[in-house]
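Step one of this worksheet: look at the structure below.
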Amino acid sequence: MANVQRLLEKRVEAAMAAAFPEATGAPLSGVAHRAKTDALVLPAQDPSFGDYQANGAMALAKRLGKKPRDVAEQIVKRLDVSDLAEAPEVAGPGFINLRLRSDWVGAQLGWINLRDERLPDYLGALPVEKPETVVVDYSAPNLAKEMHVGHLRSTIIGDALVRMLQFAGHKVVRQNHVGDWGTQFGMLTAYFDVKTRDLDSRTDVIMSWRGAFVKDMEGLYRKAKELFDTDTEFARQARECVVALQKGDPGIRERWEHVRANSLFYCQQVYDRLAVLLTDDDIRGESAYNDVLPDIVKALRKKKLLTESEGAQCVFLRNPQGEPFFKTKEGDPLPLIIQKSDEGYLYATTDLAALAFRTGALPQIRNPKSEIRNENSPHADRILYVVDARQSLHFRMLFECAYQAKFAKRGKHELIHVAFGTMMGPDGRPFKTREGGTVKLMDLLDEAEKRALYLVTAKNAEDVAAGRTQPLSDEQKKDIAHKVGIGAVKYADLAQNRTSDYVFSWEKMLSLAGNTAPYMQYAYARVRSIFRKGGEEAETHRADSGPIPLAAPEELALGKMILRFPEALERALEGYQPNVLAAYLYDLAQAFTAFYEACPVLKSPGAPGVRQARLRLCDLVARTIAKGLDLLGIEVADRM
């Protein structure tokens, strides 16, 4: 089934071309250039006016110098949508209202209801016609310390985009560009060597560093950082350790490998708990590019982009007119620093190397643990960087430098910073512990499951007392609490506009009312309970591709909402906005609630076919909710 919105756009654009060939993309005799006219078909804000509204007549009328309503009426005369919609109507200054026919909606629902278990449940969302190779760079924690709430948004937004892009048919290459190189490792290894006498009894045992865990390392790192900032001799030793690491010193490298492996093991525990798709195979950290950083400097010098400034190698990016692309507050040219005066490299150098590898400019870099199973680049068409909005300037400079250095080609490689805002506490400041410290991600997830378990236990007791369900076992409660708790944290974030800051609230995210994960999960569980109570197997209804009759207004409204799933997914991917999909799922759940209250399912009046039709409709709702939540990385439960 085609995206209904796109189907209507094509029909309206064809009518516009037929009505006004002189101003649209219709073929004209002796005219080589064909202008594109946008039908501007959007979902109607008010259902009383129809299901969709075409607004393109206004822009076309302006181009033609005619009255918008007259233009709209000419378009309607040539608009053929009789197979899927009622007769179109012109409203207001020139809007074209379109209302889908109930029999057409029912036929489409029957088509998507047919389920082949050997194939993904696309629910009408057909794969893209021209799939691309898309690299998604996300999560990217610094190693040798625990992940905290600051890593949450990149991890779950990136994971949702990966899932949606894969579902749409693109080839997706996940990349976890972890911070596994640099000064922090020099400080840690130096601290292991020179400060053993200051360590507590537990750490004395692990002074071979082979027994150190992430929690130990983080404490050691804090002590090392304090010493680095106050002791010039220690700072010198730490820098020497970094140089030794970069040169491949066996002893230093062995320690680095231990710290790295232990940190990555911890990170994977977090990823598994969050049910994100990242694995060790997706790791391509800063260290993967260390050997080619000199090549990046050489390439920039060859392109005559490097300038020495105060001993450092810098790129001052300029437009074709020679004017600076980026300036300081004082109006001076702002450089992208590539190499420090001590010949050390910076994040920008590593990021350029990673970008060049991903586009194919540096195909020789190896990584045996990568999803890319050989030394060749993925040759990405698109690269998404899911990183905090505060890094916007860095990525603007990085992308412009990459284009000017030919590490990426304009028009061939799309480089996108998928920026996001900050998670805020109730005080309107970045989310912290009561003591003002950083909230560890594992601690946050522990608290989420604890609160969810209380909610599940209370709700089950209430439903049992009312005779609505059977008691849940302790094991069932814990399983549901895990799905609800983790889902609540993820959905509360993904339901927000990603570019906005948002206030973290346990009460809101765990509520069974409103746009929350528990509300969505409960809607799914309620559908599944209908089948249990009726002794029905949902799978038996999925072999029927016949039209689903939609006699009641609530049935029709629900059916139309189900058909909008492909539109929601497409809009979410257009702007890399998971919240668009979340908003659709909430609208679907509300439409189901209205249907459930108005239309009995198991005790449907009239012919036996009514019950079967409504069961098929219910199953489509459950499948759509489950698929939508899965694309957001959230699990469902058959019982709540």
Apportionment of accessible area to carbon and sulfur, region 496-551, percent (1.4 Å): 50 percent
Added length on full extension, which subtracts the Cα-Cα distance from 0.36 nm per residue, residue 512 to residue 222: 100.3 nm
Relative counts (whole %) of C-alpha pair distances in region 525-640, using bins that are 5 Å wide: 2, 11, 22, 23, 21, 12, 7, 2, 1, 0
Candidate lysines - alpha carbon under 21 Å from residue 298, same-chain residues fewer than 8 apart omitted: 247, 340, 406, 409
The chain, accessible area per residue, ligands and nucleic acids excluded (1.4 Å, Å²): 46 Å²
Under the Debye formula (equal points on every Cα, no solvent term), log10 I(q)/I(0) of region 132-190 at q = 0.15, 0.18 Å⁻¹: -0.54, -0.68
Carbon/sulfur fraction of accessible area - region 297-359, other protein chains in place, 1.4 Å, %: 47 percent
Shape box of region 36-103 [Cα atoms, principal axes, largest first, Å]: 39, 24, 21
Carbon/sulfur fraction of accessible area - region 42-119, other protein chains in place, 1.4 Å, %: 52 percent
With Cα atoms, 0 to 90° folded angle of helix 4-19 axis to the chain main axis: 70 degrees
Loop-located GluC sites (Glu not before Pro) in region 468-543 whose Cβ has at most 14 other Cβ within 10 Å (DSSP): 537
Cut-off 20 Å (backbone N to label point 7 Å along Cα→Cβ of residue 539), residues of region 597-640: 615-627, 636-639
Principal-axis tilt of helix 608-631 within the chain, Cα atoms, nearest 10 degrees: 20 degrees
Region 487-548 and region 233-252: distance between their alpha carbon centers, rounded to Å: 52 Å
Globularity ratio of the chain, using Cα Rg and 2.2 N^0.38 Å: 1.13
Length-normalised contact order for the chain - Cα pairs under 8 Å, 6+ apart - percent: 14 percent
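The values are calculated or read from the model by the stated rules, or taken from the named source; none is laboratory data. None of these values were measured; they are calculated from a predicted model. Here Cβ is always computed from backbone atoms with ideal geometry, including for glycine, and neighbour counts include all displayed protein chains. Accessible surface areas use protein heavy atoms only, side chains included; no ligands, DNA or RNA. Shrake-Rupley method; radii C 1.70, N 1.55, O 1.52, S 1.80 Å.
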